[in-house]
Amino acid sequence: MEKFFEEVRSELRALVQAVQVIATEAQHLSQHLADSAVEILDNTDLKALLHIRDTKLGQIKAQLPIYNLDGKDYYFKNEIAAHIRANPKKQK
C-alpha cells in the first residue's frame, strides 16, 4: 500500500513540475506578445497617417488589407507600412 502512495506522490511531483514549466512558458509568451503589440487603425487614423481625404481613401482601400468588425474597417499599422514599402509612390 505504501508503495502505491509513493508512486502517486512521484506522479504528482512530475505533474507539478510540468505545470510550472507550462506556466513559465505561458508567462514568456505573454510578455513577448505584449512587447510586440500591434497598433490598430480605423479609417480616420489611416487618413491622418497618410494625409489623404475620403476620396483618395476610397481609391486605395481596395489595395489594402482590411479587417471588418461590426461594419467598421480596421487596419494593422505594420501591414500598412509594409504595403507602402512594397508599393513606393511612382515618380511622374
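The values are calculated or read from the model by the stated rules, or taken from the named source; none is laboratory data. Computed from a predicted structure; not experimentally measured. Neighbour counts are summed over all protein chains in view; Cβ atoms, including those assigned to glycine, are modelled from backbone coordinates with ideal geometry. In case anyone asks, the SASA skips ligands and DNA or RNA and just uses the protein heavy atoms, side chains included. Shrake-Rupley method; radii C 1.70, N 1.55, O 1.52, S 1.80 Å.
Mind putting a number on the dipole of the chain about its Cα centre? Charges go on the C-beta only, +1 for Lys and Arg and -1 for Asp and Glu, and I need it in Debye to the nearest 20.
Numbers: 13 positive and 13 negative charges, 210 e Å.
The dipole magnitude comes to about 1020 debye.
Heavy-atom accessible area per residue, the chain, 1.4 Å probe: how many Å²?
87
Can you list the DSSP H helices in the chain whose Cα atoms extend at least 27 Å along the helix axis and whose mean Kyte-Doolittle hydropathy is -0.5 or higher?
2-35
Ignoring everything but the protein chains, give the 1.4 Å probe accessible area of Glu2 in square angstrom, nearest 10.
About 150 Å², ignoring ligands and nucleic acids.
Select from segment 1-62 those trypsin sites (Lys or Arg not before Pro) which occupy a DSSP coil region and have at most 15 other Cβ atoms within 10 Å, ordered by residue number.
Arg53
Put Asp45, Asp73 in order of accessible area, largest first, 1.4 Å probe: what do you get?
So, going from the largest accessible area down, we get Asp45, Asp73.
Which one of Ala23, Ile66, Ile52 has its Cα pushed farthest toward the positive end of the charge dipole of the chain, where Lys and Arg give +1 and Asp and Glu give -1 at the Cβ?
Ile52
Using the Karplus curve 6.51 cos²θ - 1.76 cosθ + 1.60 with θ = phi - 60°, work out ³J(HN,Hα) for each residue of segment 64-72 in order, rounded to whole Hz, and write x for Gly and Pro.
Karplus values, whole Hz, x for Gly and Pro: 9, x, 10, 10, 9, 9, 6, x, 10.
Within the accessible area of the chain, what % is carbon and sulfur when the probe is 1.4 Å and the other protein chains stay in place?
57
Which value, in nm² and rounded to one decimal, describes the direction-averaged projected area of the C-alpha convex hull of the chain? Walk me through the numbers on the way to the answer.
Values: hull surface 41.5 nm².
The directionally averaged projection comes out at 10.4 nm².
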